[in-house]
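Since the structure comes first, as structure tokens, the remarks are kept for the end.
The values are calculated or read from the model by the stated rules, or taken from the named source; none is laboratory data. Note that the structure is a prediction, hence the values are computed from the model and not measured. Positions of Cβ are generated from backbone atoms using ideal geometry, with glycine treated the same way; all protein chains shown enter the neighbour counts. The protein model used for the area step is the full one, side chains on, heavy atoms only, and it has no ligands, DNA or RNA in it. Shrake-Rupley method; radii C 1.70, N 1.55, O 1.52, S 1.80 Å.
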Amino acid sequence: MLLGAALLCSAIFSHAAEHRVASPDGKLIVVVSDDHGLRYRLAVDGQAVVTDSRLGLEFQDGTKLGSDATVIGVEQGRHEGFWENRFGPRRQVRDCWQELRLTLDARGSGHRTFGLIVRAYDDGVAFRYDLPEASGLGNFVLTNELTEFRFAGDYRCWAGGESGCAENQYPETRLSAIPAGKPGQPFQSVLPLLVETPAGYVAVAESDLLDWAGMSVTGTGSPDIVTTLARRSDGKGLVVSSVPRVSPWRVLMIGRWPAGLVNSDLIANLATPSRIGDDSWVRPGACAWDAWWTGINPFDADPQHTAVLARGTTESHKEYIDFAASMGWPYQLMDWFWYKNMTSYDKELHSTPNAALADFTQSAPEVDVPGLVRYAKARNVRLLIWAHSLDVETFGIEKTLAYLAAQGLAGVKIDFLNSQSQETVQWCERVLTTAAKLHLLIDFHGTYKPTGLARTYPNFITQEGVLGNEYNKLGGAKCTPLHTATLPFTRGLLGPMDFPPGGFLNRAPKDFKTTFPAEVMGTRARQLAMTVIYPSPLTVLCDSPKNYRSQPGVEFLRALPTVWDETVVLAGEVGRSIALARRSGDRWYLAAMNGTDATALEVPLAFLGEGKWTLRSFADQPGSTDYQAVAETTQQVDAKAKLPLALHPAGGFAGIITRH
């Protein structure tokens, strides 16, 4: 295999001073050159995808690594194995790669020594910078990263908008149309960047972001894309650290078709394995929310407590707890306005605190936290509770989490970080480490995109970093069928996604309006499908018990699995449609959804294997204009069958397949 890969490289690349590594199947080849500065390029199936692209780092003391680097040492390695993932799309994850480790001499910076590590997998490639003690950098301040992604053509792409909390759309555009921004204010496109090339689809991402600044990409008016790191809030460059250090992985996920990307484990494979030891106490599952999403709490008589200012009360929380128990959901989430001096959405983690500091030990009079914990426990439900990140910081991370754990809470949803600076990344790690010791789950909202941190800290049970269903109540009609059908191929590639799905006031896009209780665009079957398509070990169902009880389709949500033993992606086209099947134990959950246009799919069921099976379907009602209507049917199927699906515009399908 290695010999074949080397021959293929020779056929494609002819430059001198080159070092290369191939994927285990020999179809992806990365070449690194020190000719005229440190550069790399990538070929897929013999086609150039990324051409000579610059690599390097710059530091506050004037050190520049990369512009005049010379390779002085080469090591190659390989790994083939599996690891168990109890919190993802498949239980057994294949981890197979070939690696190139280069030792480099930065001649113009006093002959400093540094390294570049390049890995090639069958589904992508990644590289990271290695700063050993031999570099002589000591305590350093990183001021710039020079990494480029120079694509071989001005390809169609889906580029994230700017957002400090990764709540953005991924509109279709061209590489040359990605904005560059202004001098000193580069445009920061939220990852991933999805690019359609003649050789297949490439998603630019990052993994293993630990104690470093988060990465975005910036346009140049050409097919060349450059890296932009988040600046520290204290003005001290991008990263303040000391050697030895490695940077996060810069990742190019690769699939010959979009479905191949959706089925990739690359971000998790590249992440640091679990740091918390025994994680048997981390329990995935479905979760009821509270009255915030619908925007109305019938138990709250204050007319001002509606829309974005809606909040739960003791009686409404009991209603949600009772419903969670009846549905076999292990969790109920209590959202904001439950504690004294709560900071609101006008401030974030790094803001100046209010004069009156938050006090988690003093509950609002309308929310009996200890009583609700007891009430939930008696019904085999555990409570998660909301907290503003700035309030957690001012009250003290350790003090906050210890107090909440002592109340018997299962975890904390921490909101409004709104940054991917190094300080924010450090803060998240500190929260997760502390929470793990206390057996608390963490769900970060208003936060940056996933980078594999959920593998490193399995108590990081889910996260936002997505323009999700809450935008149906915030105005602007941003949570469109096009957006939600694009997410599986963009944000969904990176890791857990607290969207959250399950809206049952379903409207055709033309009939949608921002109102309270909140509505959603698309059919009910589409919202059911999202619970399977969108990955989230903690799947929060957004709607109210009133809108769920005795409604068509609600039985699909009963005892809903949220982690999977196996996943098969059956079809996919960015922004248009996706169909996949996920197995939990001896049951398969089949889900499909589309974008704006009506779609006909024929889904092969070969994944079932031998035997006879029963499919219980929850589909769009044929011929109906009622987007809340669900056609519930049961039929016998087997592995030879091809299941025809007819999806309404903004439609969907959800099914449960059990052995006959």
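If the condition is being loosely packed, with under 15 Cβ neighbours inside 10 Å, outside any loop (DSSP other than H, G, I, E, B) and not basic (Lys, Arg), then the range 360-384 contributes THR361, GLN362, PRO370, GLY371. Can you spot a residue in the range 86-106 that is among the polar types (S, T, N, Q), open to solvent by 30 Å² or more (accessible area, probe 1.4 Å), in a strand (DSSP E or B) and within 26 Å of ASP265 (Cα to Cα)? So far as the range 86-106 goes, yes, one or more of its residues are among the polar types (S, T, N, Q), open to solvent by 30 Å² or more (accessible area, probe 1.4 Å), in a strand (DSSP E or B) and within 26 Å of ASP265 (Cα to Cα). Identify, please: which residue in the range 433-454 is of a type in the set (A, V, I, L, M) and either touching a residue at least 60 places away in the same chain (Cβ under 8 Å) or part of a strand (DSSP E or B) (or both) and is, among those, surrounded by the most Cβ atoms within 10 Å (Cβ to Cβ)? Among those that are of a type in the set (A, V, I, L, M) and either touching a residue at least 60 places away in the same chain (Cβ under 8 Å) or part of a strand (DSSP E or B) (or both), it is ALA454.
Considering (1) polar (S, T, N, Q); (2) crowded, with 24+ Cβ neighbours inside 10 Å; (3) within 28 Å of TYR448 (Cα to Cα), the lone condition that THR486 does not fulfil carries the number (2).
Scanning the range 525-532 finds no residues that are open to solvent by 20 Å² or more (accessible area, probe 1.4 Å) and not in a strand (DSSP E or B). Of the set (1) open to solvent by 60 Å² or more (accessible area, probe 1.4 Å); (2) under 30 Å from ALA559 (Cβ atoms), all apply to LYS399 but (2).
Among the residues making up the range 270-320, those that are in a loop (DSSP other than H, G, I, E, B) and among the small types (Gly, Ala, Ser) are ALA271, SER274, GLY277, SER280, GLY295, ALA301, ALA310, GLY312. For the range 338-383, filtering for residues that are acidic (Asp, Glu) and either touching a Cys at 6+ places or on another chain (Cβ under 7 Å) or within 30 Å of PHE323 (Cβ to Cβ) (or both) leaves 2.
For every residue, the table says whether it meets (1) in contact with a strand residue (DSSP E or B) (Cβ under 7 Å, 6 or more places away or on another chain); (2) closer than 22 Å to GLY468 by Cα; (3) not hydroxyl-bearing (Ser, Thr, Tyr).
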{"position": "ASP265", "(1), (2), (3)": "yes, no, yes"}
{"position": "LEU270", "(1), (2), (3)": "yes, no, yes"}
{"position": "ARG283", "(1), (2), (3)": "no, no, yes"}
{"position": "ASP290", "(1), (2), (3)": "yes, yes, yes"}
{"position": "ALA301", "(1), (2), (3)": "no, no, yes"}
{"position": "THR313", "(1), (2), (3)": "no, no, no"}
{"position": "TYR320", "(1), (2), (3)": "yes, yes, no"}
{"position": "ALA325", "(1), (2), (3)": "no, no, yes"}
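Any residue at all in the range 19-30 that is surrounded by 21 or more Cβ atoms within 10 Å (Cβ to Cβ), of a type in the set (Gly, Ala, Ser) and modelled with pLDDT under 95? Checked against the condition, which is being surrounded by 21 or more Cβ atoms within 10 Å (Cβ to Cβ), of a type in the set (Gly, Ala, Ser) and modelled with pLDDT under 95, the range 19-30 yields no hits at all. Scanning the range 47-71 for residues that are open to solvent by less than 50 Å² (accessible area, probe 1.4 Å) and in contact (Cβ under 8 Å) with a residue 60 or more places away in the chain returns VAL49, VAL50, ASP52, SER53, LEU55, GLY56, LEU57, GLU58, PHE59, THR63, LEU65, GLY66. Only one of (1) touching a His at 6+ places or on another chain (Cβ under 8 Å); (2) surrounded by fewer than 19 Cβ atoms within 10 Å (Cβ to Cβ); (3) of a type in the set (D, E, K, R) is not met by ARG231, so which one is it? Single failed check for ARG231: (1). Checked against (1) in contact with a Phe, Trp or Tyr (Cβ under 8 Å, 6 or more places away or on another chain); (2) crowded, with 23+ Cβ neighbours inside 10 Å; (3) at negative phi, ALA166 meets all criteria but (3). Tell me which residues, restricted to the range 127-183, are out of contact with any Asp or Glu (no Cβ under 6 Å at 6 or more places or on another chain), assigned to a loop (DSSP other than H, G, I, E, B) and among the aromatic types (Phe, Trp, Tyr). TYR170 - this is the single residue of the range 127-183 that is out of contact with any Asp or Glu (no Cβ under 6 Å at 6 or more places or on another chain), assigned to a loop (DSSP other than H, G, I, E, B) and among the aromatic types (Phe, Trp, Tyr).
In this structure, GLU348 does not satisfy being at negative phi, over 32 Å from the mean Cα position of the chain (by Cα), outside any helix (DSSP H, G or I) and surrounded by 12 or more Cβ atoms within 10 Å (Cβ to Cβ). Would you be able to say whether some residue in the range 535-550 is open to solvent by 20 Å² or more (accessible area, probe 1.4 Å), aromatic (Phe, Trp, Tyr) and not in a strand (DSSP E or B)? No, that holds for no residue.
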